[in-house]
Structure formats: structure tokens, C-alpha cells
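These notes are about the structure you will find just below.
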Amino acid sequence: MVKLTKRWKQVFYGCIAAVVVLILLGFLLRLIVLFVLGLVAGCVLAAMSAAKLRCPSCGKVVFQEALKVKLEGQVVCPKCEKPITFE
């Protein structure tokens, strides 16, 4: 039977602890990357949906006017001055 000195035991347990910490950091990094990707995808979808806020008559984007009424209610198109109702 091989007996290890106290120093080698400390090195061995330190290496095991380092491996465990690296595995946990790997999982944490994956979660952070997935969260950031989800955040970026949400921003892209929000920008795409904001581009769809157009006047049905003239096609002008009425995003700023829609934000004034918090995307619910009636706004007036600044170009053709026709009322638009958001529900």
C-alpha cells in the first residue's frame, strides 16, 4: 500500500476542489450565455414588432404616438391625420 504525505493529500484534494469549481463555473457561464441570448432575442422581437406599428392608410410608423398612449387607445397619424385605435 502506498502512503501519501500530508502535502500530497492537500494537492490531491485541491485539484478535486478546482475541478468541481470549474464544472460549476461552466454551468454558470452557460446560464449567463443563454440569458444574454434570450435578452438579445427579446430586443430584436420588440424592435420588429415596433416596426409593425404603421398607419393603415399611409403606412407611416406611429411608434412614438403609440407609446404616448401606452399602446392602447386612439392616436392620430401625424402624416395623414387619420385616427388609429390600438387595442
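Which ones in region 50-59 are open to solvent by less than 60 Å² (accessible area, probe 1.4 Å) and either in contact with a Gly (Cβ under 6 Å, 6 or more places away or on another chain) or at pLDDT below 75 (or both)?
Within region 50-59, Ala50, Ala51, Gly59 meet the criteria.
Looking at region 39-49, is at least one residue surrounded by 10 or more Cβ atoms within 10 Å (Cβ to Cβ) and part of a loop (DSSP other than H, G, I, E, B)? Within region 39-49, not a single residue is surrounded by 10 or more Cβ atoms within 10 Å (Cβ to Cβ) and part of a loop (DSSP other than H, G, I, E, B).
For Tyr13, the conditions (1) surrounded by 10 or more Cβ atoms within 10 Å (Cβ to Cβ); (2) at pLDDT below 85 are fulfilled apart from (2).
The criterion of being part of a loop (DSSP other than H, G, I, E, B) and surrounded by 10 or more Cβ atoms within 10 Å (Cβ to Cβ) holds for Leu4.
The values are calculated or read from the model by the stated rules, or taken from the named source; none is laboratory data. Note that this is a predicted model, so its numbers are computed, not measured. Positions of Cβ are generated from backbone atoms using ideal geometry, with glycine treated the same way; all protein chains shown enter the neighbour counts. What goes into the accessible areas is simple: the full protein's heavy atoms, side chains included, and nothing from ligands, DNA or RNA. Shrake-Rupley method; radii C 1.70, N 1.55, O 1.52, S 1.80 Å.
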